[in-house]
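The values are calculated or read from the model by the stated rules, or taken from the named source; none is laboratory data. Please read these numbers as outputs of a predicted model, since none were measured by experiment. Cβ placement follows ideal geometry from the backbone for every residue including glycine, while neighbour counts extend to all protein chains displayed.
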Amino acid sequence: MARDCVGRRRERPANPYNVPMDGKGEKRGVAILGSTGSIGTQALEVVEAHADRLRVVALTAHRNHRLLEEQALRFRPLMVGMVDEPSARELRRRLQGTGIRVSRGPESLLEAALHPDAHIVLNAVVGSAGLPPTLAALGAGKRLALANKESMVAGGELVLRALREGGEIIPVDSEHGAVFHCLRGEEMRFVESVVLTASGGPFRGRRREELASVTVREALAHPTWSMGRKITVDSATLMNKGLEVIEAHFLFGLPYSRIKVVIHPQSVIHSLVEFVDGSFAAQLSLPDMRLPISLALSYPERWGPPFTRTVLPELERLTFEEVDREAFACLDLAYRAGEAGGTAPAVLNAANEVAVDAFLHGKLPFLGIEEVIANVLEEHNPRPVCDLRDVQEAEEWARERAEDAVRMKAG
Ligand code: NDP
Ligand code: MG
């Protein structure tokens with residue numbers, strides 16, 4: 001079957017979801033899941049900049065009820081969702097009389113994802129908690145602007161199955177956004193490989209021995225991007241790039257051997273597509289996540305003016321390096337889990353979530369992250385993924401094994 005770059009049949013009309021286009025009068029309704037996070041708050045800046053084209057219909061957070069309240073009063077969504085129950089009660093009390101409905105629990109994510117007024121669902125939740133709303137949005141035939149890479153890693157096969165029935169994904173992760181936009185108008189049969197760029201994180205150039213004693217504060221000091229804590233640690237271990245390799249495999253339907261990673265410290269080239277004729281297409285701009293967010297919300301249009309203007313003569317040299325795969329072993333762990341398939345990527349992701357959390361709480365040294373993940377993967381016998389339950393069982397098992405491994409290392 002002919003497929004476009006997000007795994008769907010190609011014969012679909014250009015705008016099958018009736019997303020309002022410029023000049024038609026109607027605004028695009030957006031549901032933002034994870035609105036209090038780094039991506040979520042930047043998405044609201046994009047909405048604010050394009051208030052004539054976009055309106056917020058739903059917002060969700062985990063427990064930051066103060067910020068969600070502020071956002072609700074400012075953007076006046078029809079509903080807000082708060083996963084943590086006590087925070088939801090507090091928010092409900094504070095939003096009384098505003099007419100904004102407050103939902104609680106993990107189901108509130110589904111409610112936001114399925115909101116009938118949402119033309120676009122932006123999933124900016126962190127972690128595999130984002131998988132159920134990803135599947136729900138696609139199941140309802142929605143356009144999904146996907147930042148939550150963990151849902152693609154943990155449930156890639158389920159996501160592809162949902163996509164075959166309906167819905168579409170516009171990637172927000174900057175690398176995949178870059179590849180997606182480079183592929184517009186191209187046919188996958190002419191693609192040789194996809195090259196994901198990585199800044200290399202704060203520890204680029206360090207040898208493995210030098211990584212043993214790095215601190216949380218050092219790991220959180222990313223050289224080019226300002227992001228949430230979990231993804232910032234993932235960038236320091238290069239697991240972020242590993243997760244992105246798996247994400248790219250599912251999004252673009254390429255085998256792992258044709259998904260490459262190169263270090264590009266300036267983060268100006270967001271990723272590249274290599275074609276069979278030896279030419280490359282790339283997307284360039286100074287790093288600013290509001291660009292991929294804006295591209296996803298404006299698709300298939302492009303809206304100006306830019307948030308950050310890139311002046312070519314002002315750019316420093318653009319350089320590329322090989323990844324030091326010995327110092328940053330997480331990348332190969334991800335390739336291995338991806339190749340193993342089935343439940344292995346979900347197990348990799350869940351073990352990583354536990355290990356990163358333990359590192360952030362001072363319970364695990366930096367190199368302990370990859371050791372915990374390697375131990376858990378070693379013990380895992382991958383099984384096929386038929387439904388969400390298969391993913392959740394594999395994740396539960398991986399979390400327990402990873403917590404044991406963390407305890408052993410701490411003791
Ligand atoms: P943050 O940690 O900054 O924000 C996460 C958001 O998700 C918050 O709104 C948080 O709510 C909410 N949340 C946390 N846990 C849960 C849960 N269990 N259920 C529901 N909601 C939850 O993360 P980022 O914005 O950095 O990242 C979001 C996603 O985007 C991640 O998957 C990341 O990998 C991806 N991404 C991020 C980039 C970036 O520049 N930040 C770049 C590319 C991809 P609360 O505030 O209440 O805790
Ligand atoms: Mg990225």
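For this structure, a couple of remarks:
- Residue within the stretch 274-297 that is surrounded by 17 or more Cβ atoms within 10 Å (Cβ to Cβ), of a type in the set (Val, Ile, Thr) and part of a helix (DSSP H, G or I) present: yes
- Hits in the stretch 216-236 - residues which are more than 13 Å from the chain's Cα centre (by Cα), of a type in the set (Ser, Thr, Tyr) and within 12 Å of ligand 2 (Cβ to nearest atom): Thr224
- For the residues Thr319, Thr308, the requirement of being closer than 24 Å to Gln266 by Cβ, in contact with a Lys or Arg (Cβ under 8 Å, 6 or more places away or on another chain), surrounded by fewer than 21 Cβ atoms within 10 Å (Cβ to Cβ) and not hydrophobic (A, V, I, L, M, F, W, C) singles out Thr308.
- In the condition set (1) surrounded by fewer than 24 Cβ atoms within 10 Å (Cβ to Cβ); (2) touching a residue at least 12 places away in the same chain (Cβ under 8 Å); (3) outside any helix (DSSP H, G or I), Gly99 is compliant with all but (2).
- Matching residues in the stretch 196-218 - criterion: being within 16 Å of ligand 1 (Cβ to nearest atom), surrounded by fewer than 22 Cβ atoms within 10 Å (Cβ to Cβ) and part of a loop (DSSP other than H, G, I, E, B): Ser199, Pro202
Residue-wise test of (1) at pLDDT below 95; (2) assigned to a helix (DSSP H, G or I); (3) under 23 Å from Thr41 (Cα atoms).
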site	(1), (2), (3)
Ser226	yes, no, yes
Ser235	no, yes, yes
Gly242	no, yes, no
Val245	no, yes, no
His249	no, yes, no
Leu254	no, no, no
Ser267	no, no, yes
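- For the stretch 363-394, filtered to residues that are among the acidic types (Asp, Glu) and closer than 29 Å to Ser213 by Cα, the residue that is surrounded by the fewest Cβ atoms within 10 Å (Cβ to Cβ) is Glu378.
- Qualifying position, being under 30 Å from Pro116 (Cβ atoms), away from ligand 2 (no atom under 13 Å from the Cβ) and touching a Ser or Thr at 6+ places or on another chain (Cβ under 6 Å), among Ala136, Ala145, Ala154: Ala154
- Inside the stretch 132-184, residues that are away from ligand 1 (no atom under 14 Å from the Cβ) and under 24 Å from Pro287 (Cα atoms) make up a count of 4.
- The set of residues in the stretch 298-309 that are more than 18 Å from Glu175 (Cβ to Cβ) and either within 16 Å of ligand 2 (Cβ to nearest atom) or touching a residue at least 24 places away in the same chain (Cβ under 8 Å) (or both) comprises Ser298, Pro300, Glu301, Trp303, Phe307.
- Boolean, Val30 is more than 10 Å from ligand 1 (Cβ to nearest atom), free of Cβ contacts under 8 Å to residues at least 60 places away in the same chain and crowded, with 22+ Cβ neighbours inside 10 Å: no
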